[in-house]
Amino acid sequence: MGWLWGRSANGFGASTSAEEATEGIDASGLTVVLTGGFKGIGVYTARTLANRGAHVIMAGRNMTDGAAAKEGILKDFPQAKVDIMELDLASFDSVRAFAKEFSSRDLPLNTLINNAGVMACPFQLSKDGYELQFATNHLGHFLLTNLLLDKLKATAQSTGIESRIVNLSSAAHAWTYKGGIRWGKINEEQGYHNWKAYGQSKLANICHAKELARRLKEEGANVTANSLHPGGINTDLQRHLVGIVGVAARFFGSFAKTVPQGAATTCYVALHPNVKSVSGEYFVNCNIAQPSSYAKDDDLSRRLWDLSVEMTSKS
Ligand SMILES: NC(=O)c1ccc[n+]([C@@H]2O[C@H](COP(=O)([O-])OP(=O)(O)OC[C@H]3O[C@@H](n4cnc5c(N)ncnc54)[C@H](OP(=O)(O)O)[C@@H]3O)[C@@H](O)[C@H]2O)c1
């Protein structure tokens, strides 16, 4: 369906593939940590960045899937530098263990891609007692980013190359609860709505990147933070869609982006020189886009930051 979609002035649009978005870019020397890198658009992002020369550390919770993902990339690109590491974003202990293990490897870190996600699942609590979509999609990434931030700053300082943080959000951030965030009720089963909870967590991804970008600018760090919607892509993300919703998702899926197209905006924001010094923005189809009014509310982003610090401080 790519022929239906136009391209913007920068030459990129909905039909752009990850390969096109990174054409001619030499990423050798860059180290990337990518969450949710074993499946879906994550694994395609990993293979694209690795094919451009980056050392990609794919992080995920199922190491059998990880080994298969790594093997698949190496089969196509034997020269690729890819590693797998264990990370369960729904567990603060696991996030802390990952950061400790990463730090023990004494690697630089140029790029952090917060890609992993769950969508529209039935109500569940994470290992730390937080609503699962908020915990996985937002809190786990919030904690991970904070734990890796010094390394991102230090790498930028020692290399003179800007470090980048990329949060995978979704257009679904606009379908959140009234008020944007369910302040004081995030973990309440009563009133839980699987789609609104997904929207809330994806709104949090945008607000996280925006508030982080503001803080990084304020301190003069050579690190950017942006968020993006990858498009609609048929992946395992739809695993919780059953009944008529599942049928509809499969029908509309036939009009979806391909996985290479779905990985394009992530690869663009992570690597492209056009994005140098751009921070706090939301991208769609490799272009800056306007998110919802809640996502533009600076007070909401600051309040969410404080709440996230409080929630992730729990040991
Ligand atoms: N596909 C779309 O249409 C679409 C649209 C908008 C936004 N997005 C966003 O794009 C991102 C990638 O989605 P996708 O379509 O590639 O989905 P996917 O194929 O389901 O991949 C998601 C990845 O996240 C991992 N993950 C889930 N929970 C995790 C946890 N607790 N700890 C560590 N890893 C975990 C999954 O691992 P397991 O296999 O172990 O669960 C999987 O590798 C998500 O953030 C999603 O919200 C996707």
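Throughout, read-outs are computed from the coordinates displayed, never taken from laboratory work. Predicted model only: the values in this text are computed from it and were never measured. With ideal geometry, Cβ positions are generated from the backbone for all residues, glycine too; neighbour counts draw on all protein chains shown.
A few notes on this one:
- Helix-derived mean residue ellipticity, 222 nm - over the chain, DSSP H n ≥ 4, -39500 (n - 2.57), to 500: -12500 deg cm²/dmol
- Residues considered: GLY60, GLY180, GLY11. Largest GNM mean-square fluctuation over the chain, using C-alpha springs under 10 Å, is found at GLY11.
- Cβ-based exposure ranking for CYS286, CYS207, in which fewest neighbours within 10 Å come first: CYS286, CYS207
- Among the listed pairs LYS153/LYS276; LYS196/LYS296; LYS151/LYS314; LYS81/LYS153; LYS178/LYS314, a Cα-Cα separation exceeding 25 Å is found for LYS178/LYS314.
- Other residues lying with their Cβ under 10 Å from the Cβ of ILE206 contribute a combined charge of +1, Lys and Arg counting +1, Asp and Glu -1.
- Net charge of the neighbourhood of ARG52, taken over other residues with C-beta under 13 Å away and scored Lys/Arg +1, Asp/Glu -1, is -2.
- Shape analysis of the chain based on the Cα gyration tensor places the equivalent ellipsoid semi-axes at 26, 23, 20 Å, largest first.
- Cα-based radius of gyration for the stretch 108-261, normalised by 2.2 N^0.38 Å, reads 1.13.
- Rounded to 0.05, the FRET efficiency of the GLN157 and GLU86 pair, given R0 = 41 Å and the Cβ-Cβ distance, is 0.90.
- Shown for THR48, THR145: other C-beta atoms within 10 Å of each C-beta, ranked fewest to most, produce the order THR145, THR48.
- Sum of side-chain charges, SER163 neighbourhood, beta-carbon under 10 Å (Lys, Arg +1; Asp, Glu -1): +2
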